[in-house]
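Asks: Quick one: this structure, given as C-alpha cells, is what I'll be asking you about.
The values are calculated or read from the model by the stated rules, or taken from the named source; none is laboratory data. For clarity, every value in this text was computed on a predicted model and none was experimentally measured. For neighbour counting, all protein chains shown are included, and Cβ atoms are generated from backbone atoms with ideal geometry for every residue, glycine included.
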Amino acid sequence: MPKVTLTEHVGSYTAISKKMPQGLQALKLLLSLYDLDIPDRAALEELLAPSFHETENGSDRTISRSEVIEAIVTIRDKYSKHQFDLKHAYCMEYTGSHHTVFFEAVRFLFLQGSTNWVKVPVSGKLDVKITQNRLMLKDAVVVITARTMTSDTSQVVARDLMQSPRSPTLTSDLPDLTANRSSVRLDTPSVPELPAAVAVPREEKPLPGLRTTGSSNTGVTRTPTVTSGSSAELDGSTKASWN
C-alpha cells in the first residue's frame, strides 16, 4: 500500500512557505491571483492544467478551464475589492507526483457601489499534479488538474435582491372589480317557463273487507289480524294471518 503523508496548515495563505508541499503552494498561488488588483491571465493559464475542470456547489455541470480563467480575470468588473482568508488546509501526498488539498476559507467581496464587505464561506478540494525536473536545475512543474468548490452565496443573493428595483404591487395593477357593480348583468340563455303544477285530488277508497267462509264450532267469529313487516315494505303488499 502506498505511503500517504498528511500536512496541515492553519492560518493565512501568505504563511505557506516554500518548504511546504507543492500542493499547498499551488493553493497559495491560486488564492493570491484572486486577490490581485489585476489578476494575471498568463499565470492562471500556467497554473491550471489544459485538462483542468471544476464543479461547484454540487452541480452536475462541469466548468471548463477557460470559464474559470475568465471569471477570475474579470472579477474586478463586479467587485472593487476581493480578499481570501484561508482558515484551514490539509495536503495529502499520495506519491511524489500527486497531491490532494482540502481547504476552508472565507471570501470577502466588496461589490461595486457598495459600502460594506460581503462574507462568503467556501470550502473545496484541489487535485495537484507535480512533474519533477530531475535532470535540470529547475523547480518542479506544479499544475492544478481539478477543483471542487462549495460556496455559501446567500449574502450576495440577499444584497442583489435588496438593490434590485421593487416590482409594483399587485393591487395597484389590478382593475377595480367593485366599480359599477350594479351595472354588471349576466346574460343567460332564455328558458321557457314550465307550466304550473296542478294538484289532482286523489280518490281514497276503503279497503274491501275480509270475508270469512264460516264460523268455528265454538261459535267464535274469526277476525283477521293484519301484520306488516319487511315483506310488506319490499313488495308493497300486506299479509294477513288468522287467529
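Asks: In the range 72-85, how many residues are loosely packed, with under 12 Cβ neighbours inside 10 Å and over 30 Å from the mean Cα position of the chain (by Cα)?
Replies: Going through the range 72-85 one residue at a time, the tally reaches 0.
Asks: Here's another thing I want to ask about it. Could you name every one of the strands (runs of 3 or more DSSP E) located completely within the range 60-152 that has at least 2 residues being among the polar types (S, T, N, Q)?
Replies: Filter on the range 60-152 gives 79-95, 118-131, 141-151.
Asks: What is the residue count in the range 114-129 for residues that are under 14 Å from His82 (Cα atoms) and of a type outside the set (A, V, I, L, M, F, W, C)?
Replies: So the answer is 5.
Asks: Mind listing whichever residues of the range 34-50 are part of a helix (DSSP H, G or I) and surrounded by 19 or more Cβ atoms within 10 Å (Cβ to Cβ)?
Replies: Leu44
Asks: Looking at the range 30-71 only, could you name the residues that are under 16 Å from Ala146 (Cα atoms), aliphatic (A, V, I, L, M) and over 28 Å from the mean Cα position of the chain (by Cα)?
Replies: Passing the criteria: Leu30, Leu31, Leu44, Leu47, Leu48, Ala49, Ile69.
Asks: Kindly indicate whether any position in the range 55-74 is out of contact with any Gly (no Cβ under 7 Å at 6 or more places or on another chain), on the phi > 0 side of the Ramachandran plot and at pLDDT 90 or above.
Replies: No, the range 55-74 contains no residue that is out of contact with any Gly (no Cβ under 7 Å at 6 or more places or on another chain), on the phi > 0 side of the Ramachandran plot and at pLDDT 90 or above.
Asks: Moving to a separate point now. Among the candidates His98, His9, His88, single out the residue that is crowded, with 16+ Cβ neighbours inside 10 Å and in contact with a strand residue (DSSP E or B) (Cβ under 7 Å, 6 or more places away or on another chain).
Replies: Being crowded, with 16+ Cβ neighbours inside 10 Å and in contact with a strand residue (DSSP E or B) (Cβ under 7 Å, 6 or more places away or on another chain) holds for just one of His98, His9, His88, which is His9.
Asks: Oh, and also: Condition check: of a type in the set (D, E, K, R) and crowded, with 16+ Cβ neighbours inside 10 Å. Does Lys28 satisfy that?
Replies: Considered against the rule, which asks whether it is of a type in the set (D, E, K, R) and crowded, with 16+ Cβ neighbours inside 10 Å, Lys28 comes out as yes.
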